[in-house]
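What follows is a short report on a single structure.
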Amino acid sequence: MSTEPGQIQGHLEGLILAVMVSGPCHGYEVIRRLTASSGGVFDLPEGTVYPALHRLEKAGALASAWQTVDARKRRVYSITDAGRVRLGERRERWRLFSGAISQVLGAGAGTAEAGGQA
Amino acid sequence: MSQDPITAWLTAFDRLVPLRGRARRRVRAELTAHLMDAADAAAQKNAADPAGEAVRRMGDPAVVARGFESRRRTLAVVALLLWLPAAVAVTVGVGAAYAIGQHVLRSDANDPQTQIAEDAAVQLAQGAPPRAVVSGSTVDLARSLATSVTVVDRNGDVAASNALLNGHVPLPPSGALRAAGDATNTVTWQPQPGVRQAAVIVSYHGESGAGTVLVSRSLRLVEEREDALLRLSALGWLASLFAAAVLALIAAAYWTSTRGPRRGLPVWAPA
């Protein structure tokens, strides 16, 4: 099972906020967490996560500071209270959206099955 | 000498990213650390080309750089690009409308003089005395809006006139009279500063003599109408520019939300 390119478009910021809940991390670690938590399904061009991180920081959803991690200077991001609120909104939106999709696709599958049995 | 993949990627990104100063340095430092982490990770997995692998995973530097474009800046640029041609079209359109309006106003200002001058020229050519084509009441060119008539003989002397300015019968430059020739010469004549006349000069040739008929009237009302037309045109021009700017902003906002700088971001490839 794999995703199609662009399928996740529009959800990256929510996904980043979600992986930030487990603790502060730098950009490279964000990618690793996203790949790990998706079971390896998501394999994105890694550079694209940085514009999203910067936008989230600008929006006040993330805070960041330079830290030296493993002898390398990195920008470490952490989720803010506003970011948690935003994440809650994203989750709610996703719940509604995915529920509606499941309902439609599920109903279609049921009809197809019923048609096949008839 | 060819650059290593990481330096080449960062150079390409530097060239494309729309950031300046501290923001640019910060992003570059983050991406450098990321590429080195990725190269280290690839080396640990015994990749043949760890730096190349890190760069490949990072993605197209152009796509990453485009992600940093400010939506507001893009909106402003797109709106400006849409507005400029519209502004040029509006300016040309309003300018042409004003020019046509002014031309019509100015042309209409000559109509009574043309009729009077041509009629007078016919009468003079048929032998009527100059005094007969000039009405009795004096017209003060500095104050009156009435039409004045002056008949000038072939020597350039005033044969009859009801026009008066500062106690004298004013005449346009002799060249303006000569230019009438066998045709009609219409000129804007300014006998003194602040006194502008729409003048029509027609020559006549008859058995009893030849000369020119000069008929003129004040341009004051016409110029007042021209000023009003100019004010209306300027107002219409500004309103059109404003409306075009609003429409350009709406179109730019629509464009940036559907095909803006972050289009294709993030592009997730199948695992």
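Work out the charge dipole of the protein assembly as shown with +1 on the Cβ of Lys and Arg and -1 on the Cβ of Asp and Glu about the Cα centre, then indicate which of B:151, B:236, B:29 is farthest towards its positive end. Going by the charge dipole, the pick is B:29. Over region A:5-113, the fraction of Cα-Cα pairs per 10 Å bin, rounded to whole percents and listed from the shortest bin up, is 13, 40, 29, 11, 5, 1. Over region B:144-228, the reciprocal of the mean inverse Cα-Cα separation, the Kirkwood hydrodynamic radius, stands at 13.4 Å.
As a rough footprinting exposure proxy, the listed residues A:58, A:73 were ranked by other beta carbons within 10 Å of their own, and the order from fewest upward is A:58, A:73. Think of each Lys and Arg Cβ as +1 and each Asp and Glu Cβ as -1; about the Cα centre, that makes the dipole of the protein assembly as shown roughly 1960 debye. Listing B:147, B:74 from fewest to most neighbouring C-beta atoms within 10 Å gives B:74, B:147. In terms of the Cα gyration tensor, with a ≥ b ≥ c the square roots of its eigenvalues, is region B:115-190 rounded because a/c is under 1.5, prolate because a/b exceeds b/c, or oblate? Oblate, because a/c is 1.5 or more while a/b does not exceed b/c. So for region A:5-113, taking the charge dipole from beta-carbon charges (+1 Lys/Arg, -1 Asp/Glu), which of A:66, A:42, A:10 sits furthest toward the positive end? Result: A:66. Taken over the C-alpha atoms, the protein assembly as shown has Rg and Dmax values of 41.1, 119 angstrom.
Tell me, which longest segment in chain B has none of the trypsin sites (Lys or Arg not before Pro) that fall in DSSP loops with at most 16 further Cβ atoms within 10 Å?
Values: sites that count: B:20, B:45, B:143, B:154, B:263.
No qualifying site falls inside B:155-262, the longest such stretch.
Ordered by the count of other Cβ atoms within 10 Å of each Cβ, fewest first, B:161, B:70 give B:70, B:161. Averaged over the residues of peptide A:36-46, the number of Cβ atoms from other protein chains lying within 10 Å of each residue's Cβ is 5.
Think of the protein assembly as shown as a dipole: +1 on every Lys or Arg Cβ, -1 on every Asp or Glu Cβ, centred on the Cα centre; then among A:97, B:51, B:81, B:51 lies furthest on the positive end.
Read the figures in this text as sums done on the coordinates, not as results from a lab. Fair warning: this is a prediction, and the values are worked out from it, not measured in the lab. Quick reminder, even Gly has a Cβ in these numbers, built from the backbone with ideal geometry, and neighbours come from all protein chains shown.
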